[in-house]
1. Can you work out which of the residues in region 126-157 that are acidic (Asp, Glu) and more than 14 Å from the chain's Cα centre (by Cα) is nearest to Leu37 (Cα to Cα)?
2. Report whether or not Leu37 is within 20 Å of the chain's Cα centre (by Cα) and open to solvent by 20 Å² or more (accessible area, probe 1.4 Å).
3. Of all helices (runs of 4 or more DSSP H) completely enclosed by region 1-66, which ones contain at least 2 residues that are in contact (Cβ under 8 Å) with a residue 60 or more places away in the chain?
4. Any residue at all in region 8-29 that's surrounded by 15 or more Cβ atoms within 10 Å (Cβ to Cβ), closer than 17 Å to Leu192 by Cα and touching a Phe, Trp or Tyr at 6+ places or on another chain (Cβ under 9 Å)?
5. So in region 90-106, with the set limited to residues that are free of Cβ contacts under 8 Å to residues at least 60 places away in the same chain and either touching a Lys or Arg at 6+ places or on another chain (Cβ under 6 Å) or open to solvent by 40 Å² or more (accessible area, probe 1.4 Å) (or both), which one is farthest from Asp47 (Cα to Cα)?
6. Quickly run through region 118-147 and pick out the residues that are within 11 Å of Ala2 (Cβ to Cβ) and in a helix (DSSP H, G or I).
7. Filter region 148-193 down to residues that are out of contact with any strand residue (DSSP E or B) (no Cβ under 8 Å at 6 or more places or on another chain), touching a residue at least 40 places away in the same chain (Cβ under 8 Å) and crowded, with 16+ Cβ neighbours inside 10 Å, then give me how many there are.
8. Given the conditions (1) in contact with a helix residue (DSSP H, G or I) (Cβ under 7 Å, 6 or more places away or on another chain); (2) modelled with pLDDT of 95 or more; (3) among the hydroxyl-bearing types (Ser, Thr, Tyr), which single one is not true for Ser161?
Amino acid sequence: PAVLFDADGTLLDSTPMVERAARRWAVEYGLDADAYLAVSHGRRTSDSVAEFLPPGKVREATDRLDELEAADVDSVMAIPGARELIAGMDGLPWAVVTSMDPVQLAARSNAAGIPLPEVTVTAFDVERGKPDPSGYLQAASRLGFDPHACVVIEDSPAGVSAGRAAGCTVIAVTTSHEKADLTEADLIVPDLRSVTATAESLQIRV
């Protein structure tokens, strides 16, 4: 198969940074930070912001939140097992499908020491973000695989739903959500230390 990874919460951990930025941003815009954080994980920033602000303010507020996150990017770390899994995947087709924009993805991946594959699908590449499956469908197509031959690795309910809707097998990691929130996945593991992939057999073993 091909392996399609989410980025934030799956390969890299920027949760503390995202929460710090969101709380400062919420104060600036007079919003409830906890309410925003409850719906934002795994989704495009602009989609989440649009639930809390009128259309005329969404672009400005999204840019401001991106700015606050960028100022703290050095605190991003790799998810346990992520570097080892990627390093052992030589020859195994893979892609990253993320709700971040390309600049965020590059900055956070660099900070976490996670290399990026040739195929990345970001927030700018799709009309609708997760839980819509279009990002995963696009990644599978660009790799030349039927979605049913792809394994999606995700950490959020929105991402798991996107992978399932695309027709992929879905492995969920409980790095950001409880197991009870990820029951739509085919398999649930604690983090990427539980997953190995071999180029020789093109298999995922859990």
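The values are calculated or read from the model by the stated rules, or taken from the named source; none is laboratory data. The model shown is predicted, which means the values in this text are computed figures rather than measured ones. A quick note on method: Cβ atoms are made from the backbone with ideal geometry, for glycine too, and the neighbour counts reach across all protein chains shown. All accessible areas refer to the heavy atoms of the entire protein, side chains included, with ligands and DNA or RNA removed. Shrake-Rupley method; radii C 1.70, N 1.55, O 1.52, S 1.80 Å.
1. At the first step, the residues of region 126-157 found to be acidic (Asp, Glu) are 127, 132, 146, 154-155.
Still in the running and more than 14 Å from the chain's Cα centre (by Cα): 127, 146.
Working: Glu127: 22, Asp146: 34 Å.
In this case the residue turns out to be Glu127.
2. Yes; evaluated as a whole, the condition is true for this residue.
3. On the way: elements: 15-29, 33-40, 45-49.
Counting at least 2 such residues, we get 45-49.
4. yes
5. The first filter runs over region 90-106 and keeps only residues free of Cβ contacts under 8 Å to residues at least 60 places away in the same chain, leaving 101-104, 106.
Remaining after also requiring either touching a Lys or Arg at 6+ places or on another chain (Cβ under 6 Å) or open to solvent by 40 Å² or more (accessible area, probe 1.4 Å) (or both): 102-103, 106.
On the way: Pro102: 16, Val103: 18, Ala106: 21 Å.
Only one residue tops the list, namely Ala106.
6. Tyr136, Ala139, Ala140, Ser141, Arg142, Leu143, Pro147
7. Residues in region 148-193 being out of contact with any strand residue (DSSP E or B) (no Cβ under 8 Å at 6 or more places or on another chain), touching a residue at least 40 places away in the same chain (Cβ under 8 Å) and crowded, with 16+ Cβ neighbours inside 10 Å: 5 in total.
8. (1)
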